Amino acid sequence: MLTYYSDDHHLHHGSCELMDGQLVPCFEKPQRAEHVLARVKERQLGAIHGPSDFGRAPLLRIHSAAYLDFFEGAWARWQAEQGQGDLLPYTWPARTLSERLPSSLHGQLGYYSFDAGAPITAGTWQAAYSAAQVALSAQAAIAGGAHSAFALCRPPGHHAAGELMGGYCYLNNAAIAAQAFLDQGRTKVAILDVDYHHGNGTQSIFYARNDVLFTSIHGDPVAEFPFFLGYADELGEGSGAGYNLNLPLAAGSGWDVWGAALETACQRIAAYGAEVIVVSLGVDTFKNDPISQFKLDSPDYLRMGQRIAALGLPTLFVMEGGYAVAEIGINAVNVLEGFQNA
Ligand code: SP5
Ligand code: ZN
């Protein structure tokens, strides 16, 4: 399996995030991608390629120009204000407030975000832009005939919506790749989001559409981030009604429960008649993940890859979360090897 990767992810390195009332070092850190890359090499998964540059056009299919312009320019504005440290939002247009776009940097930052979990640093735009190009490059490999490809994206993307950053995400790499398949002539794309957290950004992007089926297995939002989306009764709307499948699971779920949910999701994808699958591959479902509550073990990721392979469809794997850094490479590459060896 080909892997696509850019060193530019190192340009994004947030300092800290809020957890349980404390500022702690960011869980989403460069070593994550380094460990996955090292494991791809160690297991000789296949060739590793740098990304091509497809420009802004495919990003604009998912994100608005105003959002991209804001994101690209935010760090320079922060420097012009003599800002110290990472750029982090602190006020959001929550219920009872208006959805006006203020003129100030922090007003606009609140407008374009949904939490304080997506710090902007000097290189965040470049890192996120390159991650999207990594996803597009892997997508192009599949469009060109490869049966599978791995986009080793960092920062991740599935929490990012059309005009929102949050949850360590800025540009929705999986959504950008899914849209590229459609723009190149495919008519039915399925997204399988196996990250521990609900992919609220991806869901919102495709919620009213039937050309992308969104399926997600995740920690029940009644008790887990992102809290405000990911419930089982969110089925899609308009022509997208019936094309959104959420499978929220209780804290403590292991492979028995998780694997059954994967079976449900895969049967839905097969019934849909998907031509291609985009897997939002988070491995924060691991038993030792520091911020998550599922109990998958490393061999379970081989089974995950095997079941996905049984769909028999061209499959693009896009890296999302996973914060047990020592094991992230083993677990992510196990999915790819389970797929490849099936
Ligand atoms: C891409 C991705 O996996 N993003 C996840 C963002 C999660 N951000 C919120 C983390 C909150 C962790 N709280 C853990 C509480 C343990 N006491
Ligand atoms: Zn996650």
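The values are calculated or read from the model by the stated rules, or taken from the named source; none is laboratory data. Remember, predicted model here, so these are calculated numbers, not experimental data. No Cβ is skipped: glycine too gets one built from the backbone with ideal geometry, and neighbour counts run over all protein chains shown. The area values use the complete protein model at the heavy-atom level, side chains included, leaving out ligands, DNA and RNA. Shrake-Rupley method; radii C 1.70, N 1.55, O 1.52, S 1.80 Å.
Over the range 260-342, the reciprocal of the mean inverse Cα-Cα separation, the Kirkwood hydrodynamic radius, stands at 13.0 Å.
Atom-type composition of the exposed protein surface of the chain places 52 percent of the accessible area on carbon and sulfur (1.4 angstrom probe). Scaled against 2.2 N^0.38 Å for its residue count N, the alpha carbon radius of gyration of the range 1-64 is 1.48. For the range 40-113, the calculated P(r), taken from all Cα-Cα distances in 5 Å bins from zero up to the bin holding the longest distance, is 3, 12, 17, 16, 13, 12, 9, 8, 6, 4, 1 percent. Note that the range 137-256 presents 29 Å² accessible area per residue, ligands and nucleic acids not counted, probe 1.4 Å. If you wrap the tightest convex hull around every Cα atom of the range 1-126 and split its volume per residue, you get 151 Å³.
Size descriptor for the chain, Kirkwood hydrodynamic radius: 19.7 Å (Cα pairs only, one decimal). Under 23 Å of direct C-alpha separation, and excluding same-chain neighbours fewer than eight residues apart, LYS29 reaches these lysines: LYS41, LYS287, LYS295. The residue list ALA131, HIS13, GLY167 was ranked by how far each Cα lies along the charge dipole of the chain toward its positive end, using unit charges on Cβ atoms, and ALA131 comes out on top. When the residues TYR323, TYR111 are ordered by accessible surface, computed with a 1.4 Å probe over the protein chains alone, the sequence from largest down reads TYR111, TYR323. Scoring 78-88, 251-261 by mean Cβ neighbours within 10 Å over their residues and listing the highest first yields 251-261, 78-88. Beta bridges per DSSP, both residues in the range 168-277: antiparallel share near 0 percent.
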